[in-house]
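Student: Below is a structure I'd like to ask you about.
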Amino acid sequence: MHSKTKPVLAKSIETTPDALVLVMESGPVSIPWEKCSELLARASPVERARAKLSPSGYGIHWPLIDEDLAVGPLLEGNRAKTVTTTPSDIELSLFRDSSGPFTALLREGGIPFTPRTPRVGVMNSGYDLEIHSRDTPALATVICAFLKNRRSRKVIITTRDNTVIHAQGLSQPELERVIAQAKNLTVIETERDEAVPAAREPNA
């Protein structure tokens, strides 16, 4: 009797700017677009987002670029890595005069974010944003640059298990490990940097 290999099936799929996410029985798995196929590596975000998982969960079709891929080969051939940082967004609270300098560093690092409803009723209360990235090396670089040689600046990280960690004194690798588990960043500037314009409501 010949035994058949059980096909590898996905429960659902998601698309992000950086990767295709396969939701498997064992958990979500992320595959960078450049490791999916040449067509997907060159495709636009809109073309990538129009992905359709087959009813069986075996294959994925991208109608706008006429691309078809099977889940099993994607996992095996592209050496996918398991996602350990979900959800992808991180809440960011900016206080005092931190808004201008920190959002400028986010833009320089190519880290996407969107403003949330401004806090009102408290002087210098600041703004709330959402960071739409789990690029931990890039976020760690931004935090290190913001804190560098400035005692008046603080970054406080709250992890998903509600552990509160101060970023000051952490090395970049240590920051990357903490950011991977972060749900909120609180950024504080207690003294205005004269070289930076006064804080204004940030726009993505």
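Student: For D128 paired with T114, estimate the spin-label separation in nm (one decimal), with each label point 7 Å from Cα along the Cα-to-Cβ line.
Tutor: Each label point is offset 7 Å from its Cα along the Cβ direction, giving 1.5 nm.
Student: Among the listed pairs K35/K154; K154/K183; K6/K183, give every one whose C-alpha distance is greater than 26 Å.
Tutor: With Cα atoms farther than 26 Å apart: K35/K154; K6/K183.
Student: Next question, about the same structure. Assigning unit charges at the beta carbon (Lys, Arg +1; Asp, Glu -1) and nothing else, what dipole magnitude in debye, to the nearest 20, does region 12-82 show about its Cα centre?
Tutor: 120
Student: For region 90-189, what is the charge dipole size about the Cα centre, in debye to the nearest 20, if Lys and Arg each add +1 at the Cβ and Asp and Glu each add -1 at the Cβ?
Tutor: Rounded to the nearest 20 debye, it is 220 debye.
Student: Right, here's the next one. Output the peptides 161-174, 9-22, 33-46 sorted from most to least packed, where packing is the average of other Cβ atoms within 10 Å over each peptide's residues.
Tutor: Highest mean packing first, the order is 9-22, 33-46, 161-174.
Student: What is the gain in length, in nm to one decimal, between K52 and L39 on full extension, counting 0.36 nm per residue of separation less the C-alpha to C-alpha distance?
Tutor: 3.1 nm
Student: Another question, then. If you average 1/r across every pair of different Cα atoms in region 12-82 and take the reciprocal, what Kirkwood value do you get, in Å?
Tutor: Every distinct Cα pair counted, the radius reaches 11.9 Å.
Bear in mind these aren't lab numbers, they're just calculated from the coordinates by the rules spelled out. Every value quoted in this text rests on a predicted model; they were computed, and no experiment measured them. Positions of Cβ are backbone-derived with ideal geometry, glycine not excepted, and every protein chain shown enters the neighbour counts.
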